[in-house]
Amino acid sequence: MRYLHLFDPWKFPLCTCPEKYSIDPYTGCEHRCIYCYITSYIRDPWRVRPKKDFLKYFERDLKNAERKLPISMSNSSDPYPRMEKELCITRGAISLMKRYNFPLLLLTKSDMVIRDMDLLENMQAVVAVTITTLDDALAKKLEPFAPSPSKRLRAIELLVARGIKTVVRFDPIIPTINDSEENIREVVDTLASIGIEQIISSTYKAKRDNFTRVIGVFKKNAEKLREIYYKNGEIVRGIRYAPRELRMRILKKVRDEASKHGIPFSVCREGLSLNTAPTCDASHLLWRNI
Ligand code: SF4
């Protein structure tokens, strides 16, 4: 059993991440985001189960690791499902990374992350919280079982107040759904007022199963989305992207709004030269002292 793996085992051509490891203490995710990609490669994706003897094998992996690369947690789940409250596996994993001096990039949509601020504030860590809209009703359609954007914003405020390096993943942005200038401006202005360190953004990528869910919820947008993704879009390794000009227009808007506030910006897996931040995943912040 080995839980620590190099990130991006499939070597996706548009991934610009620096080398890092990846771990997921849990398999599956209960947030059930309609745009989620894990449903195409994880069996029973909405049922969360802890990985067997995770902390025991993870500690062995850390002891045997050849390099002290940053560890990204979690890329195919959320490290804070409800059962984490009792099980504390993610908390145990953070403690181990701290004990063995591995820098941590923590990705979540859950405000439960504030429980672990006591660990995060004293280690090399960057927390990335996802926000796709500040509209709780729209978020309920996009991410039906995830904590509301208001709860996530409160968590971000607390993380920043504790001096924990905090960035926001403003993604995915889905054309016709959360790509309006008003939504983009409102999200970026609000994040700027809190004092986050970077915005990472990307557009929605369609796969057959997530596209079916998206047009199932946003029926009125279905025709337009089909045109964008299936008629005019481009395909990268079997994944459907919106046309390049449209992605450029949306993400440039986010970049320009971020720049107005002096917030560094990066895109994720887009192949567009829009970054103002030194790294796409904010990992450079791990090496910067506060
Ligand atoms: S939080 Fe991530 S892994 Fe979980 S359902 Fe949403 S997109 Fe999928």
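Numbers below:
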| item | result |
| --- | --- |
| Residue in region 138-149 that is farthest from Cys36 (Cα to Cα), counting only those that are in contact (Cβ under 8 Å) with a residue 40 or more places away in the chain and outside any loop (DSSP other than H, G, I, E, B) | Leu138 |
| Odd one out for Asp44, checked against (1) touching a residue at least 60 places away in the same chain (Cβ under 8 Å); (2) within 14 Å of the ligand (Cβ to nearest atom); (3) out of contact with any helix residue (DSSP H, G or I) (no Cβ under 8 Å at 6 or more places or on another chain); (4) not hydroxyl-bearing (Ser, Thr, Tyr) | (1) |
| Pairs, first loosely packed, with under 15 Cβ neighbours inside 10 Å in region 1-19, second part of a loop (DSSP other than H, G, I, E, B), C-beta under 6 Å, six or more apart | Cys15/Asp8; Cys15/Arg269; Pro18/Thr279; Glu19/Leu69 |
| Inter-residue pairs, beta-carbon under 8 Å, first within 21 Å of Leu191 (Cα to Cα) and in region 114-137, second modelled with pLDDT under 95 and within 16 Å of the ligand (Cβ to nearest atom), 6+ apart | none |
| Residue that is surrounded by fewer than 20 Cβ atoms within 10 Å (Cβ to Cβ) and either within 19 Å of the chain's Cα centre (by Cα) or within 16 Å of the ligand (Cβ to nearest atom) (or both), where the choices are Ser150, Ser77 | Ser150 |
| Selected residue (criterion: surrounded by the fewest Cβ atoms within 10 Å (Cβ to Cβ)) from residues of region 183-201 that are among the charged types (D, E, K, R) and assigned to a helix (DSSP H, G or I) | Asp189 |
| Criterion: more than 11 Å from the ligand (Cβ to nearest atom) and within 17 Å of the chain's Cα centre (by Cα) - qualifying residue of Cys33, Cys15 | Cys15 |
| Residue match in region 202-223 (condition: out of contact with any His (no Cβ under 9 Å at 6 or more places or on another chain), outside any strand (DSSP E or B), acidic (Asp, Glu) and over 18 Å from Val127 (Cα atoms)) | yes |
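The values are calculated or read from the model by the stated rules, or taken from the named source; none is laboratory data. Quantities reported herein were computed from a predicted structural model and do not represent experimental measurements. Every residue, glycine as well, gets a Cβ built from its backbone with ideal geometry; the counts of neighbours run over all protein chains shown.
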